[in-house]
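Asker: Quick one: structure below, then a few questions.
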Amino acid sequence: MKKIGEYRQLLNVDKTVELKELKTIYRNSMKECHPDKYSSDPDGLAKAEEQSKLVIEAYHFLVSIHPDTISQLLPEYKETIATSSLADYQYETGRLKVGFSNGSSYEYFSVPKATYVKMVNADSPARFAKRHVYNAFPYRKLTNQE
């Protein structure tokens with residue numbers, strides 16, 4: 001969740017921001033730090049490139065976890081967790097990345113390490129995840145490689 005807070009702070013938005021407003025803020029932020037503005041200043045250009053990468057990453061991340069995006073993708077998510085088997089999973093400091101047999105991948109936030117350890121040690125990690133992860137933690141869709 002730290003990442004979410006940092007991205008919101010970078011774009012100066014709160015959790016109630018609408019998607020349309022987020023897009024406007026993103027565009028204005030990109031105008032401010034676009035590398036083309038600094039083509040004659042090498043130091044400014046490097047800083048602008050780094051800043052624009054951060055702004056782009058923050059925007060895409062915040063759009064992917066926005067409630068409107070989540071609700072739009074909810075039918076697909078429910079079908080995935082109901083019909084696809086667990087293909088692989090990785091844990092990294094509070095984030096659990098789960099890959100499914102249909103090619104979809106989701107990232108779950110604020111997953112305690114103890115929950116991950118229980119999942120790994122469970123007789124069936126997939127059944128454990130269905131009961132204790134999929135509907136318990138905020139998530140976002142990462143990929144769909146169909």
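Asker: Under 17 Å from the Cα of LYS37, which lysines turn up, not counting those fewer than eight places away in the same chain?
Answerer: Straight-line reach from LYS37, under 17 Å: LYS47, LYS53.
Asker: How large is the accessible surface of ASP88 in square angstrom, using a 1.4 angstrom probe and rounding to the nearest 10?
Answerer: Its accessible surface works out to 90 Å², give or take rounding.
Asker: Let me ask something else. If you roll a 1.4 angstrom probe over the protein chains with everything in place, what fraction of the accessible area of the stretch 51-146 belongs to carbon and sulfur, to the nearest %? Show your work: numbers first, answer last.
Answerer: Working: 2710 of 5380 Å².
Of the solvent-accessible surface of the stretch 51-146, carbon and sulfur hold 50 percent.
Asker: Using the basic label-point model (7 angstrom from Cα toward the beta carbon), what is the LYS113 to ASP36 distance in nanometres?
Answerer: Result for the modelled spin labels: 4.7 nm.
Asker: Could you work out the relative contact order of the chain, using alpha carbon pairs under 8 angstrom and six or more residues apart, expressed as a whole percent? Present the calculation step by step, with values, prior to reporting the outcome.
Answerer: Values: 159 pairs, mean separation 26.7, N = 146.
It rounds to 18 percent for the chain.
Asker: Mind checking the full-extension length gain between ARG131 and SER101? Use 0.36 nm per residue of separation minus the Cα-Cα distance, one decimal, nm. Show your work: numbers first, answer last.
Answerer: Working: separation 30, 0.36 × 30 = 10.80 nm, distance 1.83 nm.
Gain on stretching ARG131 to SER101: 9.0 nm.
Asker: Who wins for biggest fluctuation among SER124, SER29, SER40 in a Gaussian network model of the chain, springs between alpha carbons below 10 Å?
Answerer: SER40
Asker: Now, a different point. For the chain, what is the calculated [θ] at 222 nm in deg cm²/dmol (nearest 500), taking -39500 (n - 2.57) for each run of four or more DSSP H residues and dividing by its residue count? Present the calculation step by step, with values, prior to reporting the outcome.
Answerer: Values: 6 runs with 83 residues, N = 146.
Estimated from H runs of four or more residues: -18500 deg cm²/dmol.
Asker: If you count only protein heavy atoms and use a 1.4 Å probe, how large is the accessible surface of LEU19, to the nearest 10 Å²?
Answerer: 50
Asker: If you don't mind, there's one more thing I want to ask. By a straight-distance test (C-alpha under 14 Å), which aspartates and glutamates pair with LYS113 as possible cross-link partners, with residues fewer than eight away in the same chain excluded?
Answerer: Cross-link targets: GLU92.
Asker: Please tell me which of these pairs span more than 32 angstrom C-alpha to C-alpha: LYS3/LYS130; LYS20/LYS78; LYS20/LYS118? Please report the intermediate quantities before stating the final value.
Answerer: Values: LYS3/LYS130 25 Å; LYS20/LYS78 26 Å; LYS20/LYS118 40 Å.
Over 32 Å Cα-Cα: LYS20/LYS118.
Asker: Specify which labelled value, from [x] 0.93; [y] 1.07; [z] 0.96, agrees with Rg/Rh (Cα atoms, Kirkwood Rh) derived from the coordinates of the model shown.
Answerer: After the calculation, the listed value that fits is [y].
Asker: Between ILE56 and ASN121, what is 0.36 nm times their sequence separation minus the Cα-Cα distance? Round to one decimal in nm.
Answerer: Numbers: separation 65, 0.36 × 65 = 23.40 nm, distance 3.77 nm.
Full extension of this stretch gives 19.6 nm more.
Asker: Round to the nearest 10 and give me the degree value, 0 to 90, for the angle of helix 19-33's Cα axis relative to the longest principal axis of the chain.
Answerer: So the helix axis and the longest Cα principal axis differ by about 40 degrees.
The values are calculated or read from the model by the stated rules, or taken from the named source; none is laboratory data. Owing to the predicted nature of the structure, the values given are computational and were not obtained by experimental measurement. All Cβ positions, even for glycine, are placed from backbone atoms using ideal geometry, and neighbour counts span all protein chains on display. Quick note on the areas: whole protein, heavy atoms, side chains included, nothing else; ligands and nucleic acids left out. Shrake-Rupley method; radii C 1.70, N 1.55, O 1.52, S 1.80 Å.
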